[in-house]
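To keep things clear, I will list the structure first and then write my remarks on it.
The values are calculated or read from the model by the stated rules, or taken from the named source; none is laboratory data. None of these values were measured; they are calculated from a predicted model. FYI the Cβ positions are ideal-geometry reconstructions off the backbone, even for glycines, and counts take in every protein chain you see.
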Amino acid sequence: MNMLAPVMSGASPTLPETDPPPAESELSSDVATALLVAMLRSRGTQADIAQNDVEIAQERLDVARAKLERALERAREAGESAGFWGGIKAAFSGDVAALAGLVASAAAVVASGGTAAAVAAAVAAGMSVGARIAEEAGLDPTTCQVIAVAGAVGGLLAGNPEAAIGTASRVASVARGVQAGSLSLAGGAGVVEGHYRGRELHARAAGERAAFERDSFALDLEEALRRVERAIREAERVRSTLGEVVRSHGELELAVISRIGAT
Amino acid sequence: MDPVSHSRSFADPMLELATLLLENDHARERSDAEALARARVEQQRAMNDAVEALHDAADSVATGALLQGGFALAGGVASSAGAVGLAVRAEGGTTPLLAGLSTGGNAANALAQPMYALVGEAPRLEAEADAKAAEHRRTLSSWAADDASDDRERTRSRIDQTLGALENTLEAHHQANIAVLSNF
């Protein structure tokens, strides 16, 4: 009798029907028979208790499975939200801030007046290229315009270094403002990302607990099924022994009566 | 329910031996059941510790990100205000306020990452280490529970075998009695 298969399939286990014990009027009144009848009733009670435990364990197992699914779903949703805000943080702290920083550095070099116009022209050309690349990469159009304008201004300045210092200084300040603003937005996005990462990790921890409860209740279910199986097997043994005792008594009485009758 | 009584003495030494074996196996079965219960309790305790550590790690990540992002946000706003203010000043040159905003903002930005390392990363790593240690204890308890369960099943199997042999012995005695009476 394999009663452990329902544990794997998730179906509720069913118990085989057993024959009722022999009526007391059919039995002799000796101690052994009375003891065996008591044992048979005890096994029946144990089987009933174990069957009840099976039902309870099955219900708990179903609840634990549902809790695990919900926890994993919460973790997945929180992870998706964290990923979204993490992407925003990366964009503002990465591309935008880096390009704005590049503009600021280049404009500061020009504003210091310590470099030749050729260097300024090269920086301006690089910023124009960078703006095109940034636009193709899908960055904010306004940011691309800032970089492109800074590149164009740098190009103009290359033609008139003496007048460049004041204007380049302003470009550098604006670019630094853009960079700092990007980093602040990245910081804000980082706060939201951290909130969702925390929720994701909390949900995963809840999932760990639910998975443990599921495994634990599955073991309880197996144990309860084994107890039912054992109680039924022992009841069968006691029933068989009881039958043998009744038969033996009968044969013994017949043998004695036959012997007495033969004398 | 233990059907074998201490107070009964048996004429047949085989029956007495079977009685002793059954008593020994029942005692061993109870001992195995207690060992299994202890292992399950320790498993539960270790699991609780592991889950608590994971929750602590989650709190550390959220707190660290909050402080890091907060410092970066505040620092960025201050730096941005200082830089833009400098750019729009018609007369050029900086003021103490603008210089302070820029300096303070840069300082706050510089603190963001170390703050996360102090409040977020370090506690998270410590909590994850605690979770791993608790998980290891849970694994050991699980092995102990499996061993105790296997021992109990082996003991029960021996009990069944002994009872089977006992039944055969009793049947043999009965047949012998019938044979004696028949030939008397």
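Segment A:26-144 holds helices (runs of 4 or more DSSP H) entirely within its bounds, and those carrying 2 or more residues that are modelled with pLDDT under 70 map to A:97-112, A:117-136. Of the residues making up segment A:194-218, those that are within 15 Å of B:Ala62 (Cβ to Cβ) and in contact with a Lys or Arg (Cβ under 6 Å, 6 or more places away or on another chain) number 1.
Within segment B:59-74, the only residue that satisfies the criterion of being more than 7 Å from chain A (Cβ to nearest Cβ) and of a type in the set (Val, Ile, Thr) is B:Thr63. For segment B:14-44, taking the residues that are free of Cβ contacts under 8 Å to residues at least 12 places away in the same chain and within 14 Å of chain A (Cβ to nearest Cβ), the one that is farthest from B:Arg137 (Cα to Cα) is identified as B:Ala37. Screening segment B:84-96 for residues that are touching a helix residue (DSSP H, G or I) at 6+ places or on another chain (Cβ under 8 Å) and assigned to a helix (DSSP H, G or I) and picking the one that is surrounded by the most Cβ atoms within 10 Å (Cβ to Cβ) gives B:Leu86. In segment B:145-161 there is no residue that is more than 11 Å from chain A (Cβ to nearest Cβ) and either among the aromatic types (Phe, Trp, Tyr) or over 30 Å from A:Ile232 (Cβ atoms) (or both). In segment B:75-83 there is no residue matching the filter, namely being of a type in the set (A, V, I, L, M), at pLDDT 90 or above and in a helix (DSSP H, G or I). Screening B:Lys132 with (1) over 34 Å from the mean Cα position of the chain (by Cα); (2) more than 17 Å from B:Leu66 (Cβ to Cβ); (3) more than 10 Å from chain A (Cβ to nearest Cβ); (4) not hydroxyl-bearing (Ser, Thr, Tyr) gives one miss only, at (1). For segment B:76-93, residues that are more than 7 Å from chain A (Cβ to nearest Cβ), in contact (Cβ under 8 Å) with a residue 12 or more places away in the chain and either closer than 30 Å to B:Ala117 by Cα or not small (Gly, Ala, Ser) (or both) total 3.
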